[in-house]
Amino acid sequence: MKIEDLKLFVKVVELGSFTAAANALDVPRANVSRRINELEAQLHTSLFHRTTRSLSLTNHGEIYYQEILQALALFDNANQAITQADTLIKGKIKLGILSETHELLQPILFTFLDLHPEVELDVRVIQNGFIDMYQQGLDIAFHGGELIDSDLIARQILPLDRCLVASPKYLQSKQLPEDVHQLVEHTALCFRWPSGEIDDLWQFVEGEVKVNSPLVSNSIAFLKDATLSGRGIAFLPKILVEKELENGELYQILPEVSAKTEHGYLLYPQPRTLNYASRELIQYLIQEIPKLA
């Protein structure tokens, strides 16, 4: 009986399927199924109830899972003590970041890699942390917007206050709105949430307005480029357009108007299911990301 197979068993339980565990560990699904079958054969009992649509623990499986969690925690603590003593952090981390955030995150991630050269970082651009966490088998993911009911931990790490922006090219032929209600007279560039819903009800502390949008995208980067090209007004997180506002490529409209506060989150499963390198990166991001604000 191998420690790796016990950790695989825990990963299957935490993620809820053989496929999700296979994605998380970068192994074929057949490999996961075979190893769980071999573990059950060694234990002479079934750990899971299997149907075509669901996977759940048997009574024996639930007991075994709780005991194995404690045993693996002791095992990992022992390894961690040695690792900390050697000041060496190593291992693979799969991290999901949102489009158009790489310029903000690269310096932080590069510094972490310089501090821990034995770490292998696999960075993937995602749309929704809650969905892509399982579909891509991520260890950690960034998420903006509404939270979804999930077993994942969602750590609030950064305010994502939005602002109204347009390019000088667009504003050459348009009269500036005097209040948010005049935005209906302008061309709006709107984001499509991963749920499919279009973000065309722009909410402010002073009220909300439903805008007219002939151009919709699920990519913040696309909307930002469209705004720079003079296609209309966008309602974007200010942290993602600060450089363009400073150099004059974009102009902030109605700067006195405050958007309703939104937040960026760091998503990750229960830390006991992550390797030591992933847990260290989480703590590092929790420390460094708020400084961006």
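Protection proxy ranking for 179-188, 11-20, using the average of other Cβ atoms within 10 Å per residue and placing the highest first: 11-20, 179-188. Accessible area per residue (1.4 Å probe, heavy atoms of protein chains only) ranks Glu103, Glu178, Glu242 as Glu178, Glu103, Glu242, with the largest value leading. For the stretch 145-161, 3J(HN,Hα) computed residue by residue from phi via the Karplus equation (6.51, -1.76, 1.60; θ = phi - 60°) reads x, 5, 8, 10, 4, 7, 7, 6, 7, 10, 9, 5, 10, 7, x, 10, 5 Hz, glycine and proline entered as x.
Remark: the Cα gyration tensor places the stretch 1-158 in the oblate category, a/c being 1.5 or greater and a/b not exceeding b/c. Under 5 Å from the amide H of Arg162 lie the amide H atoms of Lys238, Ala259, Glu262, each residue being 5 or more positions distant or on a separate chain, with H modelled from the backbone and absent for Pro and chain starts. Between the alpha-carbon centres of the stretch 138-170 and the stretch 254-287 there is a gap of 10 Å. For the residues Trp193, Trp202, a 1.4 Å probe over the protein chains yields an accessible-area ranking, largest first, of Trp193, Trp202. For the residue pairs Lys169/Lys243; Lys7/Lys291; Lys210/Lys291; Lys7/Lys94; Lys90/Lys224, alpha carbon separations beyond 26 Å are given by Lys7/Lys291; Lys210/Lys291; Lys90/Lys224.
Computed from backbone phi, the HN-Hα couplings of the stretch 197-202 come to 6, 8, 7, 10, 10, 7 Hz, rounded to whole numbers (Karplus: 6.51 cos²θ - 1.76 cosθ + 1.60, θ = phi - 60°; Gly and Pro given as x).
Could you work out the relative contact order of the chain? I mean the mean sequence separation of Cα pairs under 8 Å and 6+ apart, divided by the number of residues, in percent. Once normalised by length, the contact order is 22 percent. Whole-Hz Karplus values for the stretch 22-28 come out as 4, 5, 5, 9, 6, 10, x Hz, taken residue by residue from phi with 6.51 cos²θ - 1.76 cosθ + 1.60 and θ = phi - 60°; glycine and proline positions read x. Helix 3-15 and the long axis of the chain differ in direction by around 40°, with both axes built from C-alpha atoms.
Once the Cα atoms are used to define both axes, helix 276-288 deviates from the longest principal axis of the chain by about 30 degrees.
For Leu250, the amide hydrogen comes within under 5 Å of the amide hydrogens of Leu245, counting only partners 5 or more places away or on other chains and with H modelled in the peptide plane. A 1.4 Å probe run over the chain, with the rest of the protein chains in place, finds 53 Å² accessible per residue.
Counting only protein heavy atoms and using a 1.4 Å probe, what share of the accessible area of the chain belongs to carbon plus sulfur, as a whole percent?
Ligands and nucleic acids excluded, carbon and sulfur reach 50 percent.
For the stretch 96-200, averaging the sequence separation of C-alpha pairs within contact (under 8 Å, six or more residues apart) and dividing by the residue count gives a relative contact order of 23 percent. Amide H contacts under 5 Å for Val241: none, restricted to partners 5 or more places along the chain or on a different chain, H placed in the peptide plane at 1.01 Å from N. Go through (i) 76, 46, 30; (ii) 55, 46, 32; (iii) 59, 42, 41 and flag the label whose value is the computed Cα extents along the principal axes in Å for this structure. It is the value labelled (i).
The values are calculated or read from the model by the stated rules, or taken from the named source; none is laboratory data. Source: prediction; values computed, not measured. Positions of Cβ are backbone-derived with ideal geometry, glycine not excepted, and every protein chain shown enters the neighbour counts. For accessibility, only protein heavy atoms count, side chains too; no ligands or nucleic acids. Shrake-Rupley method; radii C 1.70, N 1.55, O 1.52, S 1.80 Å.
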